[in-house]
């Protein structure tokens, strides 16, 4: 199934919180998401939570291995939890990258969930 989406993010609370909004479109319809990422000063991890208007929910952490982050956690779809992992490959200038998400029912067998590309764009001028 092909899904097309656009995420928009903004930093809040002096940069300690990142808020994202998304609209994803597929043959099955449109889903809207709200994502909140926070830096946890105790664990030194980014704690992530996202909820969709279809009842789906993501919760996890973003951890870093060198310059490339890996998003890991639980994805609940139709009331059933799945483990997920999503390593990012960032360009040298940090303006673009790729992601390859996978999910697992048992934590042993992983199947592809999505391939994604992203590009940082300059914000529109304020009116």
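Just need the relative contact order of the chain here, percent rounded to a whole number, with Cα pairs under 8 Å and 6+ apart. Provide the component values of the computation, followed by the final result.
Values: 264 pairs, mean separation 14.5, N = 127.
Dividing the mean separation by the residue count of the chain yields 11 percent.
For region 4-119, the share of alpha carbon pairs falling in successive 5 Å distance bins from zero is 2, 10, 17, 26, 24, 14, 5, 1, 0 percent. May I ask for the distance between the Cα centers of region 80-127 and region 5-45, given as a whole number of Å? Each part's Cα centre sits 12 Å from the other's. Each of 67, 45, 4 has some number of other Cβ atoms within 10 Å of its Cβ, and from fewest to most they run 4, 67, 45. Once the C-beta distance of residue 61 and residue 3 is scaled by a Förster radius of 25 Å, the resulting FRET efficiency is 0.60 to the nearest 0.05.
Values in this text are rule-based calculations from the coordinates and carry no lab data. Quick caveat: nothing in here was measured; it's all calculated off a predicted structure. Note that we place each Cβ from the backbone using ideal geometry, even for glycine, and neighbour counts take in every protein chain shown.
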